[in-house]
Amino acid sequence: MTKGKILIVDDLHPAFKESAIALGYEVNDQPLITRAETLAVIAEYEGIAVRTKFLIDKELLSAGVKLKFVARAGAGLDNIDEAFAKEKNIELLNAPEGNMDAVGEHATGLLLALMNNFRRADIEVRNGVWDREGSRGFELKGKTVGIIGYGFMGKSFAKKLAGFEVNVIAYDKYKTGFTDAYAKEVSMEEIVKQSDVLSLHIPLTSETRQMVDEEYLFHFRKPIFFINTARGEVVNTKAVLNAIAANKILGAGLDVLEVEKFPALGTQNWYQELAKSDKVILTPHVGGWTFDSYRKISEVLAEKLRNL
């Protein structure tokens, strides 16, 4: 007798499917299935596993009359209607432990590339320009790095910085008493006052949406390097570009944007300015998406399924 049926609607590492089968589940692995096709069959399943393909919203959760859990192969749950899932007693499984190291390393890489002008210097040398003075960078040692959000991702980033002899401070609205060997808990006021670097590691919620805007950036005492590997909608992109123009932001490393993927991204009124700026490094939302995390995320999800 099986424990139930699981529908995989996205590209997950086989480790999840293999473990689920070993636990007694019947697994239907359909990474190319559409939302419409999912709606048509979801009533047959006790579980659904997804990455980012489509929203697991009220309509889909309502159609899943037998659903007991949703497994999200990633860290955030912003593509799932959490409140409605809770109302229906549907468990939500996610795997921030699986990609926290990937995000921490990616944020560190963005920061080092910005502070040392790697992108601009590389382009110039390839185009016959040898400008040592223009490529002069900053050292991390002695700087104060401010982290917003000290969950799995924020702490991972702090750990990666441990060897750089920096002062790491962190603010988390929903935690207290989290000072550890890697970061000191401070107020948002101290983040704004002390930071040379600001890095976001917070989920997208109604409270955090567009949190980083003109007014927020105005209050920083020093010019900062800005890193966002969290969610693009937390940041007002035009406000970041204005802060770059005003030298309040010395460089921005953005793995996530308010609008992602083309052609939609290319139609934004701020896109051309963003794309042309040599003080911005852009990556396509891959901070937590390494070859290693692809496997680890599925392993973490499988372990959480085991403990359901």
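The values are calculated or read from the model by the stated rules, or taken from the named source; none is laboratory data. Because the structure is a prediction, the values reported are computed rather than measured. Glycine also receives a Cβ, built like all others from the backbone with ideal geometry; neighbour counts cover every protein chain displayed. The accessibility values were calculated without ligands, DNA or RNA, using every heavy atom of the protein model including side chains. Shrake-Rupley method; radii C 1.70, N 1.55, O 1.52, S 1.80 Å.
A few notes on this one:
- Rel. contact order, % - alpha carbon contacts under 8 angstrom, at least six apart, the chain: 17 percent
- Full-extension gain in nm, LEU55 to ARG35, via 0.36 nm per residue minus C-alpha separation: 6.3 nm
- Once the C-beta distance of GLU215 and THR2 is scaled by a Förster radius of 51 Å, the resulting FRET efficiency is 0.40 to the nearest 0.05.
- Taking the convex hull of Cα positions in segment 58-215, its mean projected area over all directions (nm²): 13.0 nm²
- Förster-model FRET efficiency, 41 Å R0, ASN307 and GLU133, C-beta, rounded to 0.05: 0.10
- Using a probe of 1.4 Å on the protein chains alone, the accessible area found for LYS184 is around 120 Å².
- Loop-exposed chymotrypsin sites (Phe, Trp or Tyr not before Pro) per DSSP, neighbour cap 13 Cβ within 10 angstrom, longest uninterrupted part of the chain: 175-308
- Most mobile listed residue (ARG209, ARG132, ARG72) in the chain, GNM with C-alpha springs under 10 Å: ARG132
- Across LYS141/LYS279; LYS184/LYS296; LYS184/LYS238; LYS159/LYS261, pairs whose alpha-carbon gap is larger than 27 Å: LYS184/LYS296; LYS184/LYS238; LYS159/LYS261
- In this structure the amide hydrogen of VAL280, modeled in the peptide plane, comes within under 5 Å of the amide hydrogens of ALA252, none closer than 5 places in sequence on its chain.
- Here segment 130-237 has 52 percent of its accessible surface on carbon and sulfur atoms, given a 1.4 Å probe and all protein chains in place.
- Cα gyration tensor shape for segment 153-308, rounded if a/c is under 1.5, else prolate or oblate: oblate
- With distances taken between every two different alpha-carbon atoms, segment 241-301 has a Kirkwood hydrodynamic radius of 13.5 Å.
- Lysines with Cα under 18 Å of LYS86, excluding same-chain neighbours fewer than 8 positions away: LYS58, LYS66, LYS68, LYS304
- With distances taken between every two different alpha-carbon atoms, segment 1-111 has a Kirkwood hydrodynamic radius of 14.6 Å.
- Sequence-ordered 3J(HN,Hα) estimates for segment 13-27 from the Karplus curve with 6.51, -1.76 and 1.60 and θ = phi - 60° stand at 4, x, 4, 5, 4, 4, 5, 5, 5, 5, 7, x, 8, 8, 10 Hz, glycine and proline given as x.
- Placed amide H near GLU91: partners under 5 Å, 5+ positions off or other chain: PHE69, VAL70
- Measuring nothing but how far apart in sequence close Cα pairs (under 8 Å, 6+ apart) lie, relative to its length, segment 159-272 scores a relative contact order of 20 percent.
- Based on protein heavy atoms only, segment 44-170 ends up with 48 Å² per residue of surface accessible to a 1.4 Å probe.
- Computed over the Cα atoms of the chain, the ratio of the radius of gyration to the Kirkwood radius (Rg/Rh) comes to 1.01.
- The per residue volume of the convex hull around the alpha-carbon atoms of segment 168-239 is 92 Å³.
- For segment 80-96, putting each phi into the Karplus relation 6.51 cos²θ - 1.76 cosθ + 1.60 with θ = phi - 60° gives couplings of 10, 6, 4, 4, 6, 4, 5, 4, 8, 6, 9, 6, 10, 10, 9, 9, x Hz, in residue order, rounded to whole numbers and with x for Gly and Pro.
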